[in-house]
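Inspection log for the structure reproduced underneath, given as structure tokens.
The values are calculated or read from the model by the stated rules, or taken from the named source; none is laboratory data. From a predicted model like this one, the values you see are computed outputs, not experimental measurements. Methodologically, a virtual Cβ is constructed for each residue, glycine included, from the backbone with ideal geometry; neighbour enumeration extends over all protein chains shown.
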Amino acid sequence: MSAVILIADGTEEMEFTITYDTLVRAGIKCTSAYVPTEDSVARDTTNLPYAMGSRGIKIVPDTYFSPQAHVPETYDLLVIPGGAKGAETISQSSPVQSLVRGYLKEGKYVGMICAGSMAAQTAGLPKQPLTSHPSVKSQLEKDFEYSEEPVVVSGKLVTSRGPGTAFPFALTLVELLCGEKKRAEVAGPMVFPSGTFA
């Protein structure tokens, strides 16, 4: 199993790292792919830049995002984290929008968390159950069956609310890709307090 997790300047660090880390613990091969803005491309075209997270943490991605390389024929899961600025950069990218549709068409999973759920709208996905960070609810509720559950699974589309729901989001992706037993194996050593996901 493999996953590509997008990242941009302004990506929410917890949503990116918790998802990446949890998937790796399940044995899923993860690749982080940097979605640049015009400014970041102009800044440095010779070396892979770090992504400046929403709280100022610098994360060095594995590679640049490529619509030719990060296709559903290669990966089982596409993940779009939130963070207002990062989610805007990613969701407004037409190659990303095309890949979101492509993954779902090929029966592959797409995970979106927080403002990353805006990519469901920009990709023109049909009306279906979905959730997001409350800050973008008003932009999504007219086009989707909006829910305030921590994690919403609609076929192959998995959405979640924010940093505080990153663990159940990531563990749900593990369960969908690798099964309920693997989810329990991964969650156990993390030692969540009793009732955390009640």
Exercise for the section: Would you be able to say whether some residue in segment 129-152 is basic (Lys, Arg) and either assigned to a loop (DSSP other than H, G, I, E, B) or in contact with a Ser or Thr (Cβ under 7 Å, 6 or more places away or on another chain) (or both)? Expected result: yes
Handout entry: Matching residues, segment 104-128, being in contact (Cβ under 8 Å) with a residue 60 or more places away in the chain and either part of a loop (DSSP other than H, G, I, E, B) or aromatic (Phe, Trp, Tyr) (or both)
Key = TYR109
Practice task
Check whether at least one residue in segment 132-143 is within 14 Å of LEU78 (Cβ to Cβ), touching a residue at least 24 places away in the same chain (Cβ under 8 Å), surrounded by 23 or more Cβ atoms within 10 Å (Cβ to Cβ) and among the small types (Gly, Ala, Ser), and report yes or no.
Solution key: no
Handout entry: Flag if VAL96 is surrounded by fewer than 20 Cβ atoms within 10 Å (Cβ to Cβ) and either out of contact with any helix residue (DSSP H, G or I) (no Cβ under 6 Å at 6 or more places or on another chain) or part of a helix (DSSP H, G or I) (or both)
Key = no
Practice task
State whether the residues of segment 139-149 include one that is under 24 Å from TYR64 (Cα atoms) and in contact with a Phe, Trp or Tyr (Cβ under 8 Å, 6 or more places away or on another chain).
Solution key: no
Completion exercise
Taking segment 1-37 and keeping only residues that are among the polar types (S, T, N, Q), in a loop (DSSP other than H, G, I, E, B) and more than 20 Å from PRO168 (Cα to Cα), one is left with THR37
Practice task
Would you be able to say whether some residue in segment 79-91 is part of a strand (DSSP E or B) and either in contact (Cβ under 8 Å) with a residue 24 or more places away in the chain or touching a Gly at 6+ places or on another chain (Cβ under 9 Å) (or both)?
Solution key: yes
Completion exercise
The correct count of residues that are surrounded by fewer than 22 Cβ atoms within 10 Å (Cβ to Cβ) and under 18 Å from LEU99 (Cβ atoms) in segment 2-19 is 1
Problem - Pairs, first at pLDDT 95 or above in segment 22-34, second among the basic types (Lys, Arg), C-beta under 7 Å, six or more apart - result: ALA26/LYS182
Problem - From HIS70, HIS133, residue being touching a helix residue (DSSP H, G or I) at 6+ places or on another chain (Cβ under 8 Å) and over 25 Å from ALA26 (Cα atoms) - result: HIS133
Practice task
Considering each residue of segment 162-175, count those that are over 22 Å from ALA115 (Cα atoms) and in contact (Cβ under 8 Å) with a residue 60 or more places away in the chain, and give that number.
Solution key: 0
